[in-house]
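The values are calculated or read from the model by the stated rules, or taken from the named source; none is laboratory data. Keep in mind it's a predicted model, so treat the numbers as computed, not measured. We place every Cβ from the backbone using ideal geometry, glycine too, and count neighbours over all the protein chains shown. Calculation scope for accessible area: heavy atoms of the full protein, side chains included, ligands and nucleic acids excluded. Shrake-Rupley method; radii C 1.70, N 1.55, O 1.52, S 1.80 Å.
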Amino acid sequence: MSVQKVRSEIPEALEYPFDKLTQTTPNDLFYVRDHFPRPVVDIDQWFLSFDGTVSNSLKLSYQDILALPAHSVTATLECAGNNRTFLHPPVPGVQWDLGGVSNAKWTGVALADVIERAGLRPETLEIVFEGDDAGPVNHFGQEEIVKFARSLPVEKVMNRSVLLAYAMNGEILSEAHGFPLRLIVPGWYAVASVKWLNRITAIDHVFQGHFQTADYSYVNRTGPEPVRVPITEMLVKALIAHPQSNAVVPKGKLCEISGAAWSGAAKISSVEISTNGGATWLEASLDPGAEVGVWTMWRFSWLVPSEPCECVLMARATDENGNVQPPAHNPDHETYMINFCFPIPVSVE
Ligand SMILES: Nc1nc2c(c(=O)[nH]1)N[C@H]1C(S)=C(S)[C@@H](COP(=O)(O)O)O[C@H]1N2
Ligand SMILES: [Mo]
């Protein structure tokens, strides 16, 4: 029996029990999010194809991939819908509480190395990554059968931290996490990290696949006109692992408030804690060695009031680019990219 919380059975959505927070998430606790029934892969028949606007089309077997130089990257994967239970009124989608996020060390081949072998022709604009899974979706009001696919712009694919990963925390990738091969895009919401990857296509236009247009997209207003764009970089966020919501905290004692914080844009520079619902804030201490796109653990010693009361705890992270968690959800982000300062009520007794 799994100790993950089951949010959906088929397709599977399993939540990491965030109160068990450790720097590296053990593989059997790592959250799972599938959109379609899981594909069954016969590794002897399996290959990765790479074609489209390339000079040399490639067809690589599992052995071919394992024979390429190996690289490891630590990356926090977060579902763009993580923390949806904090939205009021409730919205549709997997009801993630705290644990639609986990952190692992991924090992595989640098995507850039494979791209170099294929040779992108100059007209290439994006690279499309397709999984082996497919199923029905409602695509702008039309019922369609689609494969799970996402694209990356050509600027992103030469970043050597983007991996075609076959191992997770030193173990062969499990079926749940994309065996035999998955994309890992550090710093981006995990929808970009296509599992059961078996097809890569270079294209000379902007990909309009379901999972970055009708779904997993948001309204961006930074330009002259509002535009619907794919969800990409993880927003800055701190989550409280301890104490848990509605915990009873002994009065007049020290209580350690702890959790993790991350941002896809830059390293975490500070985490602040409020024990009065956001009225005042004090600095938490961060573990050393923060990296972009990797969660950093933090802790704060709270001197609990000596009289019984109800307190609302909040954490607020800031990254080195000056991004700070906002006080409220941005409605343009709809049911995704939920990173406001979540209230964690506790009772002092
Ligand atoms: N092929 C495929 N890749 C996929 C998905 C999927 O359903 N099919 N789900 C995506 C989403 S939305 C998330 S959050 C992550 C989850 O990765 P995990 O199950 O390894 O935690 O995988 C991404 N890659
Ligand atoms: Mo997701």
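Of all residues in region 205-225, those satisfying the criterion of being open to solvent by 30 Å² or more (accessible area, probe 1.4 Å) and without any contact (Cβ under 8 Å) to a residue 40 or more places away in the chain are Q208, T222, G223, P224, E225. When every residue of region 101-113 is checked against the conditions, none turns out to be in a loop (DSSP other than H, G, I, E, B), at pLDDT 95 or above and not acidic (D, E). Summed over region 236-274, residues that are surrounded by fewer than 19 Cβ atoms within 10 Å (Cβ to Cβ), part of a strand (DSSP E or B) and in contact with a helix residue (DSSP H, G or I) (Cβ under 9 Å, 6 or more places away or on another chain) total 1.
Here's the yes/no breakdown for (1) within 14 Å of ligand 1 (Cβ to nearest atom); (2) outside the structural domain of V40 (by TED's automatic domain parsing):
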| position | (1), (2) |
| --- | --- |
| W188 | yes, no |
| V194 | yes, no |
| I200 | yes, no |
| Q212 | yes, no |
| Y216 | yes, no |
| T222 | no, no |
| E225 | no, no |
| N246 | no, yes |
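One residue stands out in region 170-190 among those that are open to solvent by 10 Å² or more (accessible area, probe 1.4 Å) and within 9 Å of the chain's Cα centre (by Cα): the one that is nearest to ligand 2 (Cβ to nearest atom), namely A190. The residues on offer are P326, P288, and the sole one that is surrounded by fewer than 16 Cβ atoms within 10 Å (Cβ to Cβ), closer than 24 Å to T25 by Cβ and without any contact (Cβ under 8 Å) to a residue 24 or more places away in the chain is P288. Residue-level check: of (1) surrounded by 20 or more Cβ atoms within 10 Å (Cβ to Cβ); (2) more than 18 Å from the chain's Cα centre (by Cα), P230 misses just (2).
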